[in-house]
Each structure stands twice: as C-alpha cells, then as structure tokens.
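*Asks:* Could you have a look at this structure, given as structure tokens, before my questions?
The values are calculated or read from the model by the stated rules, or taken from the named source; none is laboratory data. Small disclaimer: the values here were computed from a predicted structure and weren't measured. Neighbour counts run over all protein chains shown; Cβ positions are idealised from the backbone, glycine included. Just so you know, the surface numbers come from the protein's heavy atoms only, side chains and all, with ligands and any DNA or RNA stripped out. Shrake-Rupley method; radii C 1.70, N 1.55, O 1.52, S 1.80 Å.
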Amino acid sequence: QHSAKMEVPFKKMYGLGNDFIVLDARKDPSISKASEQARATRLTDRKYGIGCDQLIIMEKSDDAMCVMRIINADGSEVGACGNATRCIGALLFEESPAAACATIRTQAGLLKCYKGPTPGTVCVDMGEPGLDWKQVPVSKEIDTLNCKDACEGPGLTDCACCSMGNPHATFFHPDCESVPLQEIGSDLEHHTFFPERCNVSVVTVSKDKSKIRMRVWERGTGITQACGTGACGTGVNAVRRGYIGKEQNYTTEVVMDGGSLTIKYAPPGSGEEGEGHVFMTGGYDLAFTGMIPATLWG
C-alpha cells in the first residue's frame, strides 16, 4: 500500500533521439508494476504522461548487473532495444566506474557493454544475429539473405532479414529518402511474411561504402529517429550481401535521422576478433530526472 502513495523516481534518457523512461526496480520490485499495460501506456503518452518510445525497467539479476525489460509505447513487451542498452550500460558504469564490462540480462540473452572509444559512448556486444528463417521469424522456409518477392512494397523488393532478438527486414534501395515509409511502414510491419511483425529499414549504401543511410519503421511504434537493433540488422545484412567487407574492416557507419551508430559484424570464419558477433558503438544522453506523481502512476 505504501508504494501507491509514493512518488516513483525516473530518468528520461535518449540514444540518438530514441527516448526512454528508465525506472529502477532493483531495490523496490513494486516499481516493475509500470509494465502493466494501462500504466505503461499512460506513462509513455506524450500529451498526458511523460512520453517516450520505450519504457525501460531495471530489475535485479542473478547472473548480470541488472535485468533490462523493454515496454513499447503501445504496452507490448519486446526482447531487444539497442539504443536503450547503451543508456543502461552507461548507468551501470556510473555505479561501477572500475568495471571493464557491464552485463545486462534481456529476453534476447546476456548483453555485454564496454566503454566506448570516446567519452559519452558505449560499445555493446549484441551477440550473434539470428539468420535462420525460424529465428527471424518469417512464415516460410527461405534464404533470409534474399527474400525476393516474399514481402514487397512500392519500389521495395528482395529484403534481407535477420533477428537481433527482434525481427528486422532490410530493404536496399538506390535512394531510400524517396521511399514513402510513413504510408507503407505499417503494411510491411504487419505483412503475413512476418508472424511476429517486423522492424522495417530502408537503406542506401554510400558509393565509397563507408556509410549506410537508413530510415526505420519500428514495430509497435512507427517511424523513429533511430533504432539500434535496426542499425545492427542493417550492418549484418550489408556484410552478408557483400556491400561491406574486409576492406572496410567489416565496419560501417549507419546514419539515421537521429544520428549515427558504428556497427561491426565480422562473419563467422573471417578470423577477426569477435567474429560472428555484432558490435554497436554510439552515444547516449540523460535529458532529465524527476518523480512520477501518484496521480499519474495510478
């Protein structure tokens, strides 16, 4: 009963304009009740609540520094969020400045964070991508690198799919700025080819192969400024398609509306350190902290 009267502290954080309400339930498990759908959608509402793309709850873990739960703005819970992982990693490094690695348990597995090459950046080992059709998942047995006409939109065909703990479809396009993503994103997300729906990226690889421009439609949210797991999926699929290779050190800068992430994916057998795993490096920011009043908590 006490916790119902209590104000609940929160942090408002963002990674590349992908914004989060971060709640810490490690000492007070009742704060995890923020995940209840009615409460979650109230908190994430930009007009009547605090507003965010995702609500992040830190919980106690037996085998990591914390559990990270991710609740979408529509109240659905998901397994992965790359931009939020950097934010949580940064908070864990603040608590344990001497730690070489910050570990976070998610639905998608154990993620390891490292301090980035410059202050204010974090590098996350996002683990191995799921490349099998059942892992994505898609609705039929298929080579996920070339889905051909299994899912198409205006000017879009032959997507490459993978899972980063959540499903991603990458459409390579000569001019992704011209794609009417706002009009077609929802149809692609809900396409029958994706039984668990899908995050959709439309991308253009630069001529010198140093950068990939990416626009993203996120499952359960719509167009967002940036999507960390989407950038990872794009990096993976660009390496698999041969756009990015050894000459580029299997590394690319993925440029989204909200900013850039550096993605490295050295495929299994390449002989590179960390081969088979996806490494995402980028910034994070704390916007403000505050208290959720009992009237909003409900």
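*Asks:* Under the rule of -39500 (n - 2.57) per DSSP H run of 4 or more residues, summed and divided by the residues of the chain, what mean residue ellipticity at 222 nm is obtained, to the nearest 500 deg cm²/dmol?
*Replies:* -5000 deg cm²/dmol
*Asks:* Another one. Sequence-distant or interchain residues sharing an amide H contact under 5 Å with Ala99, placed H: which?
*Replies:* none
*Asks:* Can you sort Asp19, Asp28, Asp175, Asp208 by 1.4 Å-probe accessible area, starting with the largest? If you can, show how the numbers build up before the last one.
*Replies:* Working: Asp19 20, Asp28 45, Asp175 70, Asp208 105 Å².
Largest accessible area first, the residues go Asp208, Asp175, Asp28, Asp19.
*Asks:* For a quick check of understanding: with a 1.4 angstrom probe and all protein chains in place, what accessible area in square angstrom does Lys134 have, to the nearest ten?
*Replies:* 140
*Asks:* In what sequence, largest accessible area first, do Leu188, Leu16 appear using a 1.4 Å probe?
*Replies:* From most exposed to least exposed: Leu16, Leu188.
*Asks:* Just read off the accessible area of Arg197 with the full protein assembly in place, 1.4 Å probe, to the nearest 10 Å².
*Replies:* 70
*Asks:* OK, next. Taking the DSSP beta bridges in the chain as the whole, what percent of them are antiparallel, to the nearest 5?
*Replies:* 80
*Asks:* Roughly how much of Arg42 is accessible, in Å² to the nearest 10, using a 1.4 Å probe?
*Replies:* Counting only protein heavy atoms, the figure is 90 Å².
*Asks:* Continuing with the same structure: I'd like the Karplus ³J(HN,Hα) series for the stretch 176-183: coefficients 6.51, -1.76, 1.60, θ = phi - 60°, whole numbers in Hz, and an x wherever there's a Gly or Pro.
*Replies:* 5, 5, 7, 6, x, 4, 4, 7
*Asks:* Taking the 0 to 90 degree range and rounding to the nearest ten, how far is the long axis of helix 228-240 tilted relative to the main principal axis of the chain, both from C-alpha atoms?
*Replies:* 20
*Asks:* Compare Glu183, Glu272, Glu77 by solvent-accessible area with a 1.4 Å probe and give them largest first, with all protein chains kept in place. All intermediate terms of the calculation are to be shown ahead of the outcome.
*Replies:* Details: Glu183 125, Glu272 40, Glu77 75 Å².
I get Glu183, Glu77, Glu272, largest accessible area first.
*Asks:* Quick one: if the Förster radius is 30 Å, what FRET efficiency do Glu247 and Ser178 give, using the C-beta to C-beta distance and rounding to 0.05?
*Replies:* That gives a FRET efficiency of 0.55.
*Asks:* In straight Cα distance, which aspartates and glutamates are under 12 Å from Lys27, not counting same-chain residues fewer than 8 positions off?
*Replies:* Correct list for Lys27: Glu59.
*Asks:* In straight Cα distance, which aspartates and glutamates are under 14 Å from Lys209, not counting same-chain residues fewer than 8 positions off?
*Replies:* Counting by Cα, and skipping residues close in sequence, Lys209 has these aspartates and glutamates nearby: Glu247, Glu253.
*Asks:* Could you work out how much longer the chain between Tyr48 and Ile223 gets when fully extended? Use 0.36 nm per residue separation minus the Cα distance between them, nm to one decimal.
*Replies:* Values: separation 175, 0.36 × 175 = 63.00 nm, distance 2.08 nm.
Between Tyr48 and Ile223, full extension yields 60.9 nm more.
*Asks:* May I pose another question? So, R0 is 45 Å and r is the distance between the beta-carbons of Lys211 and Leu296; what FRET efficiency does that work out to, to 0.05?
*Replies:* On the way: r = 41 Å, r/R0 = 0.92.
After rounding to 0.05, the efficiency reads 0.65.
*Asks:* Would you mind checking Lys33/Lys60; Lys60/Lys112; Lys112/Lys264; Lys211/Lys264; Lys148/Lys207 for any pair whose Cα atoms are more than 21 angstrom apart?
*Replies:* Exceeds cut-off: Lys148/Lys207.
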